[in-house]
Amino acid sequence: MDYYQCTKSDLHQELTRRGLQAYGDQDEAAERLKQDDHQRGTVATEIDATIGLSNTVYTWRLSNEYGKTVVASMLVGESIVHWTMNQFFPAVQLFFESGLSCWIEGSQLPGACIGLDSALRFRLTDIAHAEDGCLINTILSKRDSASDPSIRILEATVANRKSIAVKETHQFVEARPVTTIAQEQHIVVGLRLEGMESMGYVWARLPSTTVGVASRMWGHVRIAGMRIDIPVPFVRFPQTGIKPGAQSKVVLKESVIDPKLRGHPTI
């Protein structure tokens with residue numbers, strides 16, 4: 001998030017909330033918050049612990065492109081063999097050993113991207129996956145993984161999370177809008193996988209650093225479209241001998257012709 005247009009008092013208040021020492025001028029305080037975001041991720045921006053809504057069907061008005069909402073308990077016991085994230089849509093698609101697949105999607109907030117808490121992301125990197133147009137190899141070496149790895153889901157939940165959001169105010173300083181640190185409630189999906197001691201959450205957020213006065217920064221996510229008719233993508237790399245954790249570009253998502261088209265698929 002971009003904290004540089006927030007007031008010094010807001011910045012120091014947020015530093016104190018995070019248990020950090022509140023000192024320095026406006027730029028220094030903003031930089032320290034940004035560094036903390038980078039180091040701790042959503043642990044830094046979360047205000048309240050999530051409140052479980054497990055096994056509750058949560059709905060809102062959406063198109064049916066992803067399918068009907070699925071209760072979280074249906075994911076328990078499934079083993080993930082491949083996943084994609086933000087490939088073309090604001091969603092994580094999970095492919096299971098059973099042949100089933102599902103979406104965890106955040107299309108309610110236009111322009112949002114899906115993200116993962118750091119512990120969940122780290123665990124999922126044991127599996128080759130596709131993200132933002134790149135195919136990313138498993139971090140495991142062949143000797144550590146005799147066969148294609150899979151990770152079993154031990155727990156799944158739907159929860160409320162309260163997070164901070166940087167928003168514009170109606171005030172301006174030198175023709176630049178003053179921003180404030182606000183709070184937003186948003187629905188997240190939690191997964192505890194084999195090898196994880198606690199839940200990690202899937203969330204949706206606008207990629208822009210600030211949003212307008214009436215806009216949201218965090219969006220709701222839901223589990224949708226549990227189905228058996230979508231095959232696991234072909235995940236072999238176009239070149240041989242690729243190292244663990246290496247990436248290979250498979251989808252061009254930015255236009256080199258018109259900057260206004262950047263972020264939209266060009267194939």
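The values are calculated or read from the model by the stated rules, or taken from the named source; none is laboratory data. These numbers come from a predicted model, not from an experiment. Methodologically, a virtual Cβ is constructed for each residue, glycine included, from the backbone with ideal geometry; neighbour enumeration extends over all protein chains shown. With ligands, DNA and RNA removed, areas are computed over all heavy atoms of the protein, side chains included. Shrake-Rupley method; radii C 1.70, N 1.55, O 1.52, S 1.80 Å.
If you go through the stretch 94-113 and keep only what is closer than 15 Å to Val221 by Cβ and surrounded by fewer than 23 Cβ atoms within 10 Å (Cβ to Cβ), you end up with Ser107, Gln108, Leu109, Pro110, Gly111, Cys113.
The set of residues from the stretch 12-43 being outside any helix (DSSP H, G or I), surrounded by 14 or more Cβ atoms within 10 Å (Cβ to Cβ) and without any contact (Cβ under 8 Å) to a residue 24 or more places away in the chain comprises Leu20, Ala22, Gly24.
Yes/no matrix, rows are residues, columns are (1) surrounded by 15 or more Cβ atoms within 10 Å (Cβ to Cβ); (2) of a type outside the set (D, E, K, R); (3) closer than 28 Å to Ile223 by Cβ:
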site: Val158; (1), (2), (3): yes, yes, yes
site: Ser163; (1), (2), (3): yes, yes, yes
site: Gln171; (1), (2), (3): no, yes, no
site: Ala175; (1), (2), (3): no, yes, no
site: Thr179; (1), (2), (3): yes, yes, no
site: Gln183; (1), (2), (3): no, yes, yes
site: Glu194; (1), (2), (3): no, no, yes
site: Ser198; (1), (2), (3): no, yes, yes
site: Tyr201; (1), (2), (3): yes, yes, yes
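Apart from one condition, Gly225 fits all of (1) modelled with pLDDT under 90; (2) open to solvent by 30 Å² or more (accessible area, probe 1.4 Å); the exception is (2).
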